[in-house]
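Asks: Quick one: the structure is below, and I'll ask about it shortly.
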Amino acid sequence: MIQHSKAHPLRYQLIRVKTIILIFLAVFTLTACSKIVEKKEASNTYQQTASLITIFPEKSYTIARSYLGQITAKQQTNLSFEYSGRISDVLVDSGDVIKKGQLLAQQDTQLLSYKTTELKSQKKQAQAQITLNQANLSRIKTLINDGYSSLQRLDELNAENKILKAQINGLNARINTLQYQREKSALIAPFKGVITKRFISNGEITTASQPIFGLIENTNNEINVGIPRKVASTLILGQTLKVRIDNSLLNKQTRQAELIAIGQQINTVNRTVQLRLKMLKQLDKANRYNGQLVRVTIEQKITKPGFWLPINAITDGVRGQWQIFIASPTNEANNSYQLKAATVNVLHTSEQTAYINGLSLEPYQIVAQGVHRYVGGQIVKVSTQALANNTGTQK
């Protein structure tokens, strides 16, 4: 019994020692695993990727501005008769295409015919009187030579002859006037074009200079557009400009027009200078309407050093300023870059690009897109994904 009591504490001591050893081994194992995990995590530190591009300094940039103008016919007029009269025939109507020299309308000439006949009768009467006068002159000269008549009668016959001749000249002039009026009773087209409006009808009595037809030329179109005075001062005659007709604004089709005139007076209403352009290629029928709207594009070169970059590379900074992220290589061997925020001035923007200054004139590598995901001082890696816009030039 005594031996059994002594063996019992000894067994408990052995169990206690074993338990301590097992606890020590477990703690050692957990500590080693934790160090391995920490070492592995330290070796695999995550770095965000960024799309970088290189921008290069430019000496100037070009702004393309569009100005709204309209197509105008070089010749457009309201046709009218020179004399009053009754319309007997109207041969054309609104929208008709006419040729030069074509008869458009006719006045009644019956009264002119009556007057012409009357004047011709008076002329024949005067000619008969001249014949009688010349016979009397022949007889009176014979009587004077024989001493049977005085010189006074000879003078009277000579004066009468001159009066009769003057009357005949007057009658000829009046007949020619009636003939001219008869010719002008026919309204003739002065040039090829289109009738825009008809103002009269058959049987209507018209007065001199009353509009009869509106006529525009349809083959020799020009473009009129107003632009600011400063822009007009940079243009020269003969310069070629890009023009877009209003029905091609969506598909971006452009045409070429030559600058033929620069106005020398500023419009008092919109403060613009008027330009006249001539299309280098004749317009088709679909674009030949008088008053049709066009857009004239004028490129203006501005000499200011700066950089072209994608508009997605710009983000808002503090106090309403704009900033970009410049990427500088680090000393590590894993091709990483450190970002630095730089404040810039935006001078001009287009749909996809922007022109900025505020940096020294040297090449820079910058973040091209997704700039809202980065901060200054961040370490990033270069993205392997190809960019659609991977240039620093304007498009």
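Asks: How about region 308-338: which of its residues are surrounded by 13 or more Cβ atoms within 10 Å (Cβ to Cβ) and outside any strand (DSSP E or B)?
Replies: Listed by number, the residues that qualify are Ile311, Asn312, Ala313, Ile314, Gly317, Thr330.
Asks: A further question follows. Hey, among the residues in region 359-373 that are open to solvent by less than 60 Å² (accessible area, probe 1.4 Å) and modelled with pLDDT under 90, which one's nearest to Thr330 (Cα to Cα)?
Replies: Once the filter is applied, the top-ranked residue is Val371.
Asks: Go through region 291-307 residue by residue and tally those that are assigned to a strand (DSSP E or B) and either free of Cβ contacts under 8 Å to residues at least 24 places away in the same chain or among the β-branched types (Val, Ile, Thr) (or both).
Replies: Residues that pass the stated criteria total 5.
Asks: Ok, one more. Examine region 262-272 for a residue that is in a strand (DSSP E or B), under 24 Å from Tyr67 (Cα atoms), touching a strand residue (DSSP E or B) at 6+ places or on another chain (Cβ under 7 Å) and open to solvent by 80 Å² or more (accessible area, probe 1.4 Å), and state whether such a residue exists.
Replies: If we filter region 262-272 for residues that are in a strand (DSSP E or B), which is where we start, we get 262-266.
Cutting the leftovers down to under 24 Å from Tyr67 (Cα atoms) gives us 262-266.
Checking the rest, the ones that are also touching a strand residue (DSSP E or B) at 6+ places or on another chain (Cβ under 7 Å) come to 262-263, 266.
From what's left, open to solvent by 80 Å² or more (accessible area, probe 1.4 Å): none.
No, every residue in region 262-272 fails to be in a strand (DSSP E or B), under 24 Å from Tyr67 (Cα atoms), touching a strand residue (DSSP E or B) at 6+ places or on another chain (Cβ under 7 Å) and open to solvent by 80 Å² or more (accessible area, probe 1.4 Å).
Asks: Among the residues of region 146-200 satisfying the criterion of being among the hydroxyl-bearing types (Ser, Thr, Tyr) and open to solvent by less than 60 Å² (accessible area, probe 1.4 Å), which is nearest to Tyr114 (Cα to Cα)? Walk me through it before giving the result.
Replies: To start, the set of residues in region 146-200 that are among the hydroxyl-bearing types (Ser, Thr, Tyr) comprises 148-150, 177, 180, 185, 196.
If we keep only those that are open to solvent by less than 60 Å² (accessible area, probe 1.4 Å) as well, we get 149, 185.
On the way: Ser149: 44, Ser185: 15 Å.
Out of the qualifying residues, it is Ser185.
Asks: Next question, about the same structure. Anything in region 339-356 that is among the polar types (S, T, N, Q) and surrounded by 15 or more Cβ atoms within 10 Å (Cβ to Cβ)? List them, or say none. Can you show your working first?
Replies: Going residue by residue through region 339-356, those that are among the polar types (S, T, N, Q) are 343, 345, 349-350, 352-353.
Correct list: Thr353 only.
Asks: So which pairs qualify, if the first residue must be in region 344-356 and closer than 14 Å to Arg65 by Cβ, the second must be among the aliphatic types (A, V, I, L, M) and assigned to a strand (DSSP E or B), the Cβ gap must be under 8 Å, and the two must be at least 6 apart or on different chains?
Replies: Short answer, once both residue conditions are applied: His348/Ile63; His348/Ile302; His348/Ala354.
The values are calculated or read from the model by the stated rules, or taken from the named source; none is laboratory data. Not measured: the values here are computed from a predicted model. No Cβ is skipped: glycine too gets one built from the backbone with ideal geometry, and neighbour counts run over all protein chains shown. The protein model used for the area step is the full one, side chains on, heavy atoms only, and it has no ligands, DNA or RNA in it. Shrake-Rupley method; radii C 1.70, N 1.55, O 1.52, S 1.80 Å.
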